[in-house]
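Structure, as C-alpha cells:
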Amino acid sequence: MDIDTKALELISLEGKVAMITGGASGIGLGTARRLAEVGATIALIDINKSEGKKEVKKIRKMGGDAEFFWCDVTSYSDCEEVAENVYQEFGSINILFNNAGVIKRKNIVELSEEEWDLVLDVNLKAIYLLSHHVIPYMIENGGGSIINAGSGWGLKGGPNAAAYCAAKGGTVNLTRAMAIDHGKHGIRVNCVCPGDTDTPLLYDEAAQLGEEEEKFLREAADRPIGRVGIPEDIANAVLYFASDMSSWVTGSILVVDGGGLA
C-alpha cells in the first residue's frame, strides 16, 4: 500500500453516519457538505424544515447521502426521538457534531431570564441531551466521535455576551469531562472553537448591536490572518476530529480563528 492510499483511507468517512445539529445553514451546513464529500451519510438536524430539506436535496445532487430530521435540541423527548430515528434509519451513529447555537449580545444586567435560558439551553444543554441519547448507540457500535462547537469566547471573555461566554466556557470543560468518561467506550470527544465566521449568526450579532454590517465585518477581520472565517474553515477541523486522522486525540480544544486569540 502506498502512502497516498493510506492517507485517503484515514480521511475517508465511507460507511459512517454523521449527525449534525444546526445543519441547515452556516457552519453546520458547511460541515455537512464537507463530510458528505468524503463519504459520510449525513443526518441533518434542524428546526428549519424547509431549508433543511432543500439543503439535503443539494447534498444528494452533488452525490452525497443525506436525510433531514426535525428536532428541537432543547427538548429531551425530541432529542431522544431523533437519536432513535437516525439509528433506525441508518443502523448506526458514528459521528455527532453538536453545532446548534444562538447568541444574545447583552451583558448580565440587560439579559432577561428567558434569554439566559435560551442561550444556555441551545448552546450547552443541547450537547448533554443529544450526547445522552446518542452515546448508548455509539457504545453499541463500538465507538464514535463527538465534536462540540465551542468558541473563542469559551476560552476568554467577550463584551456584551455574558450568556454566550458562559455556555461556551461550559462547552469546553464539558468536552474534557466527556472525553474522560467515554474513552473506555472507544468514543472520542473534542471541541472546535471558531472565531468570527461568515454565517447568519454573525450578521445577527451586528443587528443586535445596532452596528453597520460592513464596519462590523471589517472589525471582525482584524486578526493576523486578515479575514473572517468561512464555514469550510471550521468544517475542515470537524473532519479532522471525525476521521481516523485524529484516532489518538480526545479531550482536545482546537481554536480555528485566524489567529484572533494569538
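Note down all Cβ pairs under 7 Å where the first residue falls in region 220-238 and is assigned to a helix (DSSP H, G or I), the second is of a type in the set (Phe, Trp, Tyr) and buried (at least 17 other Cβ atoms within 10 Å of the Cβ), and they're at least six residues apart or on different chains.
Going by the 7 Å Cβ cut-off, the qualifying pairs are Val238/Phe97.
Out of region 80-106, which residues are in contact (Cβ under 8 Å) with a residue 40 or more places away in the chain and over 24 Å from Leu239 (Cβ atoms)?
The answer is Glu80, Glu84, Val102, Ile103, Lys104, Arg105, Lys106.
Given the structure, is Gly23 surrounded by fewer than 21 Cβ atoms within 10 Å (Cβ to Cβ) and assigned to a loop (DSSP other than H, G, I, E, B)?
Here the answer is no, as Gly23 does not meet what is asked.
What number of residues within region 153-208 satisfy the criterion of being without any contact (Cβ under 8 Å) to a residue 40 or more places away in the chain, buried (at least 16 other Cβ atoms within 10 Å of the Cβ) and of a type in the set (Lys, Arg)?
Counting residues in region 153-208 that are without any contact (Cβ under 8 Å) to a residue 40 or more places away in the chain, buried (at least 16 other Cβ atoms within 10 Å of the Cβ) and of a type in the set (Lys, Arg) gives 0.
Bear in mind these aren't lab numbers, they're just calculated from the coordinates by the rules spelled out. Everything numeric in this text was worked out from a predicted model, so none of it was measured. Glycine also receives a Cβ, built like all others from the backbone with ideal geometry; neighbour counts cover every protein chain displayed.
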